[in-house]
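Worksheet: one structure, shown below.
The values are calculated or read from the model by the stated rules, or taken from the named source; none is laboratory data. What you are looking at is a predicted structure, and each value in this text was computed from that prediction instead of being measured. Counting neighbours? That spans all protein chains shown, and the Cβs are built from the backbone with ideal geometry, glycine included. With ligands, DNA and RNA removed, areas are computed over all heavy atoms of the protein, side chains included. Shrake-Rupley method; radii C 1.70, N 1.55, O 1.52, S 1.80 Å.
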Amino acid sequence: MLTVSGGTLTVSGGGSLTGGKTTANGGGIYNSGSLTLSGVTVSANSAAQGGGVYNAGNLTVSGAAVYENTAAQGGGVYSAGSLTASGAAAIQNNTASGAANNVYLPNGCTVSVSGLGSGARIGVTTATAPVDGFPVIVATGSLSAADTECITSDQGFRRDFVNGNIVLKTLAPDPAPEPDPAPAPEPEPTPAQTGSAPQQSLTNRTSVRQTPAVSENGIDDTPPCTKRGGGG
């Protein structure tokens, strides 16, 4: 078993760490310093927590492979510290109590991504499962929507790319958006709006009576053709 306590260490060059076993934490590696794994494999180790790696410091997995390790919790990596993944990092096929458990993330811990390469595959298990309306952030950093294919859920939750992060959601689909309300009906036009005035009732018409024209000297000036009376 490799123990990194303080300081900075890089393990690279295609080597392997295998066959470690402990009833404590970190079957293959126990890290409380700054450790970089580049181009190496960590496999077939076992522990209570962190079968492959127990990380309490700063761990960078760059093009390394962590697989076929076992533990009661965190079969591949138990990361209580800072975990950064880059390149073709592969943390797969690790188990805890017989179930898939690759990277175990306690509450508030995530995987920080810095340029995942082709072939990167990282399974994650979170201490708190997502519930409807409350996703759990599992990956931050330099991410794109395509990186959701590289981060998988050991527990089978849905993955989504939200606000530049990869999150886990419940299996239930997101609620459909509320439909737009129907427009209010147009009011019926009134007669004044249509431009047609109501007809005047015949009973309301005022009769006009013609009165004879009378001059100032009292003589009836009505034209002869309109006067009534006998002939003369």
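Does Ala72 fit the bill of being open to solvent by 30 Å² or more (accessible area, probe 1.4 Å), among the aliphatic types (A, V, I, L, M) and closer than 20 Å to Leu37 by Cβ? The answer is no for Ala72.
Is it true that Thr170 is of a type in the set (Val, Ile, Thr) and under 25 Å from Asn31 (Cα atoms)? When the stated conditions are applied, Thr170 does not pass them.
Right, Thr152: outside any loop (DSSP other than H, G, I, E, B) and under 22 Å from Asn69 (Cβ atoms) or not? So Thr152 fits the description; yes. Scanning segment 1-23 for residues that are part of a loop (DSSP other than H, G, I, E, B) and among the polar types (S, T, N, Q) yields a total of 3. Would a scan of segment 51-61 turn up a residue that is farther than 24 Å from Gly20 by Cβ and touching a residue at least 12 places away in the same chain (Cβ under 8 Å)? Checked segment 51-61: no residue is farther than 24 Å from Gly20 by Cβ and touching a residue at least 12 places away in the same chain (Cβ under 8 Å). Residue count for segment 128-149 under the criterion of being of a type in the set (Ser, Thr, Tyr), farther than 19 Å from Asn101 by Cβ, open to solvent by 60 Å² or more (accessible area, probe 1.4 Å) and part of a loop (DSSP other than H, G, I, E, B): the result is 0.
Scanning segment 68-84 for residues that are among the hydroxyl-bearing types (Ser, Thr, Tyr) and either in contact (Cβ under 8 Å) with a residue 60 or more places away in the chain or in a loop (DSSP other than H, G, I, E, B) (or both) yields a count of 0. Among residues of segment 158-181 being of a type in the set (A, V, I, L, M, F, W, C) and open to solvent by less than 90 Å² (accessible area, probe 1.4 Å), the one that is modelled with the lowest pLDDT is Ala176. Among residues that are polar (S, T, N, Q), assigned to a strand (DSSP E or B) and open to solvent by less than 30 Å² (accessible area, probe 1.4 Å), Thr125 is included. Which of the strands (runs of 3 or more DSSP E) contained wholly in segment 24-67 include at least 2 residues that are open to solvent by less than 10 Å² (accessible area, probe 1.4 Å) and not small (Gly, Ala, Ser)? Fully inside segment 24-67 and qualifying: 29-31, 34-38, 53-55, 58-62.
Looking at segment 107-117 only, could you name the residues that are touching a Gly at 6+ places or on another chain (Cβ under 9 Å) and in a loop (DSSP other than H, G, I, E, B)? Residues satisfying the conditions are Cys109, Thr110, Gly117.
The residues listed here are Gly141, Gly108, Gly115, Gly123; of these, the one that is under 17 Å from Asn58 (Cβ atoms) and in contact (Cβ under 8 Å) with a residue 24 or more places away in the chain is Gly141. Considering segment 114-139, and only residues there that are farther than 14 Å from Thr152 by Cα and among the β-branched types (Val, Ile, Thr), the residue that is farthest from the chain's Cα centre (by Cα) turns out to be Thr128.
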